[in-house]
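K.L.:
One structure, pasted below without further comment.
The values are calculated or read from the model by the stated rules, or taken from the named source; none is laboratory data. Predicted, not measured: the structure shown is a model, and the values here were computed from it. So basically every Cβ, Gly included, is an ideal-geometry build from the backbone, and we count neighbours across all protein chains shown.
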């Protein structure tokens, strides 16, 4: 199915519905919620996802898992998508949080083929088998560290929001602790309690998110590396490749 609103078919008695949608550049989908879980795959372009839990950046060739009942906002930057909408009784992934997921070649091809599956498909036939394999592969998909969880404590949340607007890889936990009038040890404990990550892990993920956005816009690798505070473009490229599985130059050219 292509460019069909979910509301028209949501009641269809099928565990999985697949919809392909093309979005104009810079489309904003305001905060909304689905009864079904959603896997949103960007065939092209960049997606920025915001929930009460934090912010995600989803580069081309990756997808975001959105649990059922999770309010979310998505900005589409030149994106053509494939979406799977999954009944809460058939979820392939546990947990209450969104996840950025790497889409491997088999999952990619299955998502391409899913656009031809009608809403009222034969669950025992080829279409049902295809969607069943999709669910299996989705359950096995690797999570990408492109999420910056937001703390609930207002002063700490304000520091995190300011950092997301201007990330620097060499930001020090000690400096944040001084702003919050607490010891570095207390700050580290509070930060992990609030976000589930160490300060260093959160800082790295926030910087990667900024890098992904700027690479998708075609900015130079050297400029991004230096703006984010890395010692050299090679140091930035090495870390980016280790985490993302490809070089920033490849990402910049749409690989």
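K.L.:
If residue 163 meets every condition in (1) part of a loop (DSSP other than H, G, I, E, B); (2) at pLDDT below 95; (3) crowded, with 18+ Cβ neighbours inside 10 Å apart from one, which number is that one?
P.N.:
The failed condition is (1).
K.L.:
Pick out the one residue from 220, 216, 235, 211 that is modelled with pLDDT under 90 and under 16 Å from residue 249 (Cβ atoms). Lay out the reasoning, then the answer.
P.N.:
Working: 220 fails: modelled with pLDDT under 90; 235 fails: modelled with pLDDT under 90; 211 fails: modelled with pLDDT under 90.
None of the others qualify; the one that does is 216.
K.L.:
In contact with a helix residue (DSSP H, G or I) (Cβ under 7 Å, 6 or more places away or on another chain) and either modelled with pLDDT of 95 or more or under 23 Å from residue 205 (Cβ atoms) (or both): which single residue out of 35, 93, 102 fits that description? Even if it seems obvious, please write down each step before you answer.
P.N.:
Working: 35 fails: in contact with a helix residue (DSSP H, G or I) (Cβ under 7 Å, 6 or more places away or on another chain); 102 fails: in contact with a helix residue (DSSP H, G or I) (Cβ under 7 Å, 6 or more places away or on another chain).
Answer to the check: 93.
K.L.:
Would you check which residues across segment 111-128 are touching a helix residue (DSSP H, G or I) at 6+ places or on another chain (Cβ under 7 Å) and in a loop (DSSP other than H, G, I, E, B) and list them?
P.N.:
Correct list: 117, 119, 121, 122.
K.L.:
Moving to a separate point now. Could you run through segment 129-154 and say how many residues are assigned to a helix (DSSP H, G or I), surrounded by fewer than 16 Cβ atoms within 10 Å (Cβ to Cβ) and either within 23 Å of the chain's Cα centre (by Cα) or modelled with pLDDT of 95 or more (or both)? Show your work before the answer.
P.N.:
Narrowing segment 129-154 to residues assigned to a helix (DSSP H, G or I): 129-140, 154.
Then drop every residue that is not surrounded by fewer than 16 Cβ atoms within 10 Å (Cβ to Cβ), which leaves 129, 132-133, 136, 139-140, 154.
Filter again for either within 23 Å of the chain's Cα centre (by Cα) or modelled with pLDDT of 95 or more (or both), leaving 129, 132-133, 136, 139-140.
Result for segment 129-154: 6.
K.L.:
What is the number of the single condition among (1) under 21 Å from residue 72 (Cβ atoms); (2) touching a strand residue (DSSP E or B) at 6+ places or on another chain (Cβ under 6 Å); (3) buried (at least 19 other Cβ atoms within 10 Å of the Cβ) that residue 213 does not meet?
P.N.:
Unmet for residue 213, out of (1) under 21 Å from residue 72 (Cβ atoms); (2) touching a strand residue (DSSP E or B) at 6+ places or on another chain (Cβ under 6 Å); (3) buried (at least 19 other Cβ atoms within 10 Å of the Cβ): (3).
K.L.:
Shifting gears a bit: Count, please, the residues in segment 63-97 that happen to be crowded, with 22+ Cβ neighbours inside 10 Å and under 13 Å from residue 141 (Cα atoms).
P.N.:
Of the residues in segment 63-97, 3 are crowded, with 22+ Cβ neighbours inside 10 Å and under 13 Å from residue 141 (Cα atoms).
K.L.:
Please enumerate the residues belonging to segment 182-208 that are assigned to a loop (DSSP other than H, G, I, E, B) and at negative phi.
P.N.:
Going through segment 182-208, the residues assigned to a loop (DSSP other than H, G, I, E, B) turn out to be 182-183, 196-198.
Matches in segment 182-208: 182, 183, 197, 198.
K.L.:
Do you know which residues across segment 170-181 are surrounded by fewer than 20 Cβ atoms within 10 Å (Cβ to Cβ) and either part of a helix (DSSP H, G or I) or touching a residue at least 60 places away in the same chain (Cβ under 8 Å) (or both)?
P.N.:
Result: 173, 174, 175, 177, 178, 179.
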